[in-house]
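Engineer: Below is the structure I would like to discuss, written out as structure tokens.
The values are calculated or read from the model by the stated rules, or taken from the named source; none is laboratory data. Computed from a predicted structure; not experimentally measured. Cβ placement follows ideal geometry from the backbone for every residue including glycine, while neighbour counts extend to all protein chains displayed.
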Amino acid sequence: MTTIRSSSADVLFTPQYYSEVPLIIRAAKEMGWTKPIMGSDSWGGGDLMGLCGDDCKGYYFSTHYAAAGAKGDTKAFIDEYTAAYGKTPDDVAALTWDSLGLMIQAIKDTGGLSGDVKADRTKVKDSLAAIKNYPGITGGMTYTPDGDPKKCAVVVKINDEGKFVFHKSVCPK
């Protein structure tokens with residue numbers, strides 16, 4: 001932390017798990033760090049605010065989706081999930097939903113499976129790589145021919161009430 005604080009860094013990026021983040025943030029503040037701190041999707045899981053409290057307010061993290069302010073199919077998913085499980089779905093739940101939907105779409109797009117496992121795997125892989133603008137709960141997704149997903153990242157702010165709120169989307173070009 002001493003090296004980071006004395007560097008010319010403009011931001012402290014902390015992609016550690018939510019349970020480690022409060023320790024890092026407190027140490028940074030105790031050592032005089034006054035610049036922004038940003039985290040990764042790992043901040044959205046677990047009980048970050050219960051462990052970090054006021055120390056994390058005002059900071060940001062990148063993730064796959066933000067439940068706050070959701071609309072349309074995403075809001076419907078959140079409402080159904082909350083009714084079933086008594087809590088707001090985190091990004092892992094939303095990504096799982098999207099993964100299943102993508103797999104179903106890819107299987108449908110094969111035109112039918114033959115039962116030949118090796119041939120069917122190739123058909124599903126090729127169908128998945130051909131998906132364009134899939135309307136996922138976590139946002140639209142397009143796959144490259146190599147099978148890499150392209151989608152926007154969501155930047156979430158931890159507001160003054162300690163709530164995770166949508167800040168903005170950052171999309172690949």
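Results for (1) exposed (fewer than 11 other Cβ atoms within 10 Å of the Cβ); (2) touching a Leu at 6+ places or on another chain (Cβ under 9 Å); (3) on the phi < 0 side of the Ramachandran plot, shown as yes or no for each residue.
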{"residue": "T110", "(1), (2), (3)": "no, no, yes"}
{"residue": "K132", "(1), (2), (3)": "yes, no, yes"}
{"residue": "G136", "(1), (2), (3)": "no, yes, yes"}
{"residue": "V154", "(1), (2), (3)": "no, no, yes"}
{"residue": "D160", "(1), (2), (3)": "yes, no, yes"}
{"residue": "F164", "(1), (2), (3)": "no, yes, yes"}
{"residue": "H167", "(1), (2), (3)": "no, no, yes"}
{"residue": "V170", "(1), (2), (3)": "yes, no, yes"}
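Engineer: Might you check whether a residue that is free of Cβ contacts under 8 Å to residues at least 60 places away in the same chain, within 15 Å of I158 (Cβ to Cβ) and either part of a helix (DSSP H, G or I) or of a type outside the set (S, T, Y) (or both) occurs anywhere in the range 56-63?
Structural biologist: First pass over the range 56-63, keeping only residues free of Cβ contacts under 8 Å to residues at least 60 places away in the same chain: none.
No, the conditions are met nowhere in the range 56-63.
Engineer: Continuing with this model, one more query. Can you pull out the residues in the range 163-173 that are in contact with a strand residue (DSSP E or B) (Cβ under 7 Å, 6 or more places away or on another chain) and touching a residue at least 40 places away in the same chain (Cβ under 8 Å)?
Structural biologist: Step one: filter the range 163-173 for residues in contact with a strand residue (DSSP E or B) (Cβ under 7 Å, 6 or more places away or on another chain), giving 164-170, 172.
Passing the criteria: F164, V165, F166, H167, V170.
Engineer: Name the single residue that is surrounded by the fewest Cβ atoms within 10 Å (Cβ to Cβ) among those in the range 1-23 being closer than 20 Å to D54 by Cβ and in contact with a Leu (Cβ under 8 Å, 6 or more places away or on another chain).
Structural biologist: Result: S19.
Engineer: Which ones in the range 28-49 are of a type outside the set (A, V, I, L, M), assigned to a helix (DSSP H, G or I) and over 20 Å from the mean Cα position of the chain (by Cα)? Quick ask: steps written out before the conclusion?
Structural biologist: So the first thing to find is which residues in the range 28-49 are of a type outside the set (A, V, I, L, M), and the list is 29-30, 32-36, 39-47.
Then keep just the ones that are assigned to a helix (DSSP H, G or I); that gives 29-30, 41-44.
If the condition is that a residue be of a type outside the set (A, V, I, L, M), assigned to a helix (DSSP H, G or I) and over 20 Å from the mean Cα position of the chain (by Cα), then K29, E30 are the ones that fit.
Engineer: Being in contact with a Phe, Trp or Tyr (Cβ under 9 Å, 6 or more places away or on another chain), in a helix (DSSP H, G or I) and over 20 Å from K157 (Cα atoms) narrows it down to one of I104, I4, so name that one. Give the steps one after another, and end with the answer.
Structural biologist: Values: I104 fails: in contact with a Phe, Trp or Tyr (Cβ under 9 Å, 6 or more places away or on another chain).
That would be I4, the only listed residue that is in contact with a Phe, Trp or Tyr (Cβ under 9 Å, 6 or more places away or on another chain), in a helix (DSSP H, G or I) and over 20 Å from K157 (Cα atoms).
Engineer: Do we find a residue being more than 30 Å from C52 (Cα to Cα), loosely packed, with under 14 Cβ neighbours inside 10 Å, aliphatic (A, V, I, L, M) and not assigned by TED's automatic domain parsing to the domain that holds G39 anywhere in the range 65-84?
Structural biologist: yes
Engineer: Just one of D120, D160, D91 is of a type in the set (D, E) and more than 25 Å from C52 (Cα to Cα); which is it?
Structural biologist: Values: D160 fails: more than 25 Å from C52 (Cα to Cα); D91 fails: more than 25 Å from C52 (Cα to Cα).
One residue alone meets the criteria, D120.
Engineer: D146 is checked against (1) over 30 Å from D47 (Cα atoms); (2) part of a helix (DSSP H, G or I); (3) over 20 Å from the mean Cα position of the chain (by Cα) and fails just one. What number does that condition carry?
Structural biologist: (2)
Engineer: Tell me, yes or no, whether the range 58-69 has at least one residue that is of a type in the set (S, T, N, Q) and within 27 Å of S169 (Cβ to Cβ). Break it down into steps so the answer makes sense when it comes.
Structural biologist: Just the residues of the range 58-69 that are of a type in the set (S, T, N, Q), to begin with: 62-63.
Among the residues that remain, those that are also within 27 Å of S169 (Cβ to Cβ) are: 62-63.
Checking the range 58-69: at least one residue is of a type in the set (S, T, N, Q) and within 27 Å of S169 (Cβ to Cβ).
Engineer: Same structure again: Considering the range 124-162 alone, what residues qualify as being out of contact with any strand residue (DSSP E or B) (no Cβ under 9 Å at 6 or more places or on another chain) and modelled with pLDDT under 90? Can you show your working first?
Structural biologist: Going residue by residue through the range 124-162, those that are out of contact with any strand residue (DSSP E or B) (no Cβ under 9 Å at 6 or more places or on another chain) are 124-127, 136-137, 145-148, 160-162.
Across the range 124-162, the qualifying residues are P145, D146, G147, D148.
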